[in-house]
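**Student:** Below are the structure tokens for one structure; questions will follow.
The values are calculated or read from the model by the stated rules, or taken from the named source; none is laboratory data. For clarity, every value in this text was computed on a predicted model and none was experimentally measured. Virtual Cβ from ideal backbone geometry, glycine too; neighbours counted across all protein chains shown.
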Amino acid sequence: MTFQTIEMMCPVALIVLLLTNLVQPWMVVLLSLVVGITDAMSMPSFQTIAPSIVKRHQIPTAIALNATQFNLSRILGPALAGILIASVGVIGCFVTNAASYLPFIAVALWILPPGAISDKPDQRLDRHHLFLGLRRILIRGHMRGALVTVLATSTLCGPLVIFCPVLVKDVMHGDATEFSLAIGAFGVGGLIGAVALLGLDPEYDGRALSSASALAYGGLTTLAAISPWIWALPIILMLAGISMAVSNTSANSLLQALAPARSRGRTISLYMLAMRGGTSLGSLLAGTAANLIGVRYTLLICGILAIIAHAAIGQRWVRTDAVK
């Protein structure tokens, strides 16, 4: 709640800057940095709310439901922003953005009232205890496999979405409509994948499904790189969205179901680091490569490396001891 409140102040600051005509690009970059930091700090806490209010066997369903709303917001957010900018302007868009944080904060207050948390962690920073806790997570083969799978997917397949504007405009010579259609299709695919997971047995061991979906994501990244048809890109990205959602959500569910209550926050922090940190690292590396060999060849190499990596990771991950 604290970090979301700080994050809400960023669009409020933008509103003030726009009304006073003082806004500068560096201010937008700085506010974006604040949003990124606060989001990184609040997401592990947010992700651990679900396991604290549902039974252990319901955790996969709760995580899938959370992934559903996340992917739905990915679809509706840009569409709503476009409508607001066209109708009431940029300021009205950011007013709505700031107001959208209020229900989240209200729900946090309602669902976790003061005194509801019984297992209060030690507030002191003990580096030895911290690294010992991280080591206990990483030495467990099924949890390590989930984290490595998410990291490989984000690093090698994340550039597909990041460089989609360049692929559409400079390589396939498309326009803004075709780009919006492609990105929207990825969001729709993510929603379909998350909803599909709601129908699975909560006791289902998702390692094989997560690994296979990650492998499929690598194949689709390769296909997007070699496809000459712009009309096929939304279809490829929709399938990629399904693969991404199924793989990451299955891995996330496994991690949260297996993590002890006191180390669940650290576990989800590692998951977020693998997912978002991998995307940042992959974008940096892919951007450097794209300047040298072009977007198509960069995505082709990323896709092939993803296939090889997930084939190796998945084979070992699925063969680890059965999840208890």
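**Student:** Is one or more of the residues making up segment 310-323 basic (Lys, Arg), touching a residue at least 12 places away in the same chain (Cβ under 8 Å), under 14 Å from Gly145 (Cβ atoms) and surrounded by fewer than 20 Cβ atoms within 10 Å (Cβ to Cβ)?
**Tutor:** To start, the set of residues in segment 310-323 that are basic (Lys, Arg) comprises 316, 319.
From what is left, the residues that are touching a residue at least 12 places away in the same chain (Cβ under 8 Å) are 316.
Next, only the ones that are under 14 Å from Gly145 (Cβ atoms) stay: 316.
Subsequent filtering for residues that are surrounded by fewer than 20 Cβ atoms within 10 Å (Cβ to Cβ) retains 316.
Checking segment 310-323: at least one residue is basic (Lys, Arg), touching a residue at least 12 places away in the same chain (Cβ under 8 Å), under 14 Å from Gly145 (Cβ atoms) and surrounded by fewer than 20 Cβ atoms within 10 Å (Cβ to Cβ).
**Student:** Based on what the data block shows, is Ala245 over 16 Å from Val148 (Cβ atoms) and more than 20 Å from the chain's Cα centre (by Cα)?
**Tutor:** It is false that Ala245 is over 16 Å from Val148 (Cβ atoms) and more than 20 Å from the chain's Cα centre (by Cα).
**Student:** Based on this model, can you work out whether Arg276 counts as among the charged types (D, E, K, R), surrounded by 15 or more Cβ atoms within 10 Å (Cβ to Cβ) and modelled with pLDDT of 85 or more? Show your work before the answer.
**Tutor:** Values: among the charged types (D, E, K, R): yes; surrounded by 15 or more Cβ atoms within 10 Å (Cβ to Cβ): yes; modelled with pLDDT of 85 or more: no.
Criteria not met by Arg276.
**Student:** Tally up the residues in segment 16-32 that are outside any helix (DSSP H, G or I) and farther than 12 Å from Ile91 by Cβ, please.
**Tutor:** 2
**Student:** Looking at Ser32, is it exposed (fewer than 13 other Cβ atoms within 10 Å of the Cβ) and more than 15 Å from the chain's Cα centre (by Cα)?
**Tutor:** Considered against the rule, which asks whether it is exposed (fewer than 13 other Cβ atoms within 10 Å of the Cβ) and more than 15 Å from the chain's Cα centre (by Cα), Ser32 comes out as yes.
**Student:** On the basis of being in contact (Cβ under 8 Å) with a residue 24 or more places away in the chain and over 22 Å from Leu72 (Cα atoms), does Ala214 make the cut?
**Tutor:** Values: in contact (Cβ under 8 Å) with a residue 24 or more places away in the chain: yes; over 22 Å from Leu72 (Cα atoms): no.
Considered against the rule, which asks whether it is in contact (Cβ under 8 Å) with a residue 24 or more places away in the chain and over 22 Å from Leu72 (Cα atoms), Ala214 comes out as no.
**Student:** Within the group Leu299, Leu285, Leu305, which residue is surrounded by fewer than 17 Cβ atoms within 10 Å (Cβ to Cβ), of a type in the set (A, V, I, L, M) and under 16 Å from Leu156 (Cα atoms)?
**Tutor:** Working: Leu299 fails: surrounded by fewer than 17 Cβ atoms within 10 Å (Cβ to Cβ); Leu305 fails: surrounded by fewer than 17 Cβ atoms within 10 Å (Cβ to Cβ).
So the residue among Leu299, Leu285, Leu305 that is surrounded by fewer than 17 Cβ atoms within 10 Å (Cβ to Cβ), of a type in the set (A, V, I, L, M) and under 16 Å from Leu156 (Cα atoms) is Leu285.
**Student:** Going by the conditions given, is Ala13 under 23 Å from Ala99 (Cα atoms), in contact with a Ser or Thr (Cβ under 8 Å, 6 or more places away or on another chain) and assigned to a helix (DSSP H, G or I)?
**Tutor:** no
**Student:** Just checking, which of Leu134, Leu102, Leu76 is surrounded by 11 or more Cβ atoms within 10 Å (Cβ to Cβ), assigned to a helix (DSSP H, G or I) and either modelled with pLDDT under 65 or of a type in the set (Ser, Thr, Tyr) (or both)? Explain how you work it out, then say what you get.
**Tutor:** Values: Leu102 fails: either modelled with pLDDT under 65 or of a type in the set (Ser, Thr, Tyr) (or both); Leu76 fails: either modelled with pLDDT under 65 or of a type in the set (Ser, Thr, Tyr) (or both).
Residue meeting the stated conditions: Leu134.
**Student:** Moving to a separate point now. Between a first residue in segment 84-112 that is without any contact (Cβ under 8 Å) to a residue 60 or more places away in the chain and under 19 Å from Thr20 (Cβ atoms) and a second residue that is assigned to a helix (DSSP H, G or I) and among the small types (Gly, Ala, Ser), which pairs have beta carbons less than 6 Å apart while being 6 or more apart in sequence or on different chains?
**Tutor:** If the second residue must be assigned to a helix (DSSP H, G or I) and among the small types (Gly, Ala, Ser), the pairs left are Cys93/Ala81.
**Student:** Just checking, does segment 37-50 include any residue being of a type in the set (Ser, Thr, Tyr), under 25 Å from Gly92 (Cβ atoms) and modelled with pLDDT of 90 or more?
**Tutor:** So far as segment 37-50 goes, no, none of its residues is of a type in the set (Ser, Thr, Tyr), under 25 Å from Gly92 (Cβ atoms) and modelled with pLDDT of 90 or more.
Per-residue answers, yes or no, for (1) over 16 Å from Gly145 (Cβ atoms); (2) small (Gly, Ala, Ser); (3) out of contact with any helix residue (DSSP H, G or I) (no Cβ under 8 Å at 6 or more places or on another chain):
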{"residue": "Arg207", "(1), (2), (3)": "no, no, no"}
{"residue": "Ala212", "(1), (2), (3)": "no, yes, no"}
{"residue": "Pro234", "(1), (2), (3)": "yes, no, no"}
{"residue": "Pro260", "(1), (2), (3)": "yes, no, yes"}
{"residue": "Leu300", "(1), (2), (3)": "yes, no, no"}
{"residue": "Leu305", "(1), (2), (3)": "yes, no, no"}
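**Student:** Could you tell me which of the residues Ala251, Ala182, Ala176 is out of contact with any helix residue (DSSP H, G or I) (no Cβ under 8 Å at 6 or more places or on another chain) and either within 25 Å of Ser280 (Cα to Cα) or modelled with pLDDT under 80 (or both)?
**Tutor:** Working: Ala251 fails: out of contact with any helix residue (DSSP H, G or I) (no Cβ under 8 Å at 6 or more places or on another chain); Ala182 fails: out of contact with any helix residue (DSSP H, G or I) (no Cβ under 8 Å at 6 or more places or on another chain).
Being out of contact with any helix residue (DSSP H, G or I) (no Cβ under 8 Å at 6 or more places or on another chain) and either within 25 Å of Ser280 (Cα to Cα) or modelled with pLDDT under 80 (or both) holds for just one of Ala251, Ala182, Ala176, which is Ala176.
**Student:** So for segment 138-153 (the condition being surrounded by fewer than 11 Cβ atoms within 10 Å (Cβ to Cβ) and either at pLDDT below 85 or in a helix (DSSP H, G or I) (or both)), does at least one residue qualify?
**Tutor:** Restricting attention to segment 138-153, the residues satisfying the condition of being surrounded by fewer than 11 Cβ atoms within 10 Å (Cβ to Cβ) are 139.
Retained after the next criterion (residues that are either at pLDDT below 85 or in a helix (DSSP H, G or I) (or both)): 139.
There is at least one residue in segment 138-153 that is surrounded by fewer than 11 Cβ atoms within 10 Å (Cβ to Cβ) and either at pLDDT below 85 or in a helix (DSSP H, G or I) (or both).
**Student:** Quick one: in segment 219-249, of everything that is among the hydroxyl-bearing types (Ser, Thr, Tyr), touching a residue at least 24 places away in the same chain (Cβ under 8 Å) and over 12 Å from Leu160 (Cα atoms), which residue is surrounded by the fewest Cβ atoms within 10 Å (Cβ to Cβ)?
**Tutor:** Ser243
**Student:** Output yes when any residue across segment 193-202 is buried (at least 19 other Cβ atoms within 10 Å of the Cβ), part of a helix (DSSP H, G or I) and aliphatic (A, V, I, L, M), and no when none is.
**Tutor:** Yes; the residues of segment 193-202 include at least one that is buried (at least 19 other Cβ atoms within 10 Å of the Cβ), part of a helix (DSSP H, G or I) and aliphatic (A, V, I, L, M).
**Student:** Residue check: is Ile63 assigned to a helix (DSSP H, G or I), within 30 Å of Ala182 (Cβ to Cβ) and in contact (Cβ under 8 Å) with a residue 40 or more places away in the chain?
**Tutor:** Yes: the conditions hold for Ile63.
**Student:** Which of the numbered conditions does Asp39 fail, given that it passes all the others? Conditions: (1) within 30 Å of Thr177 (Cβ to Cβ); (2) touching a Leu at 6+ places or on another chain (Cβ under 8 Å).
**Tutor:** (2)
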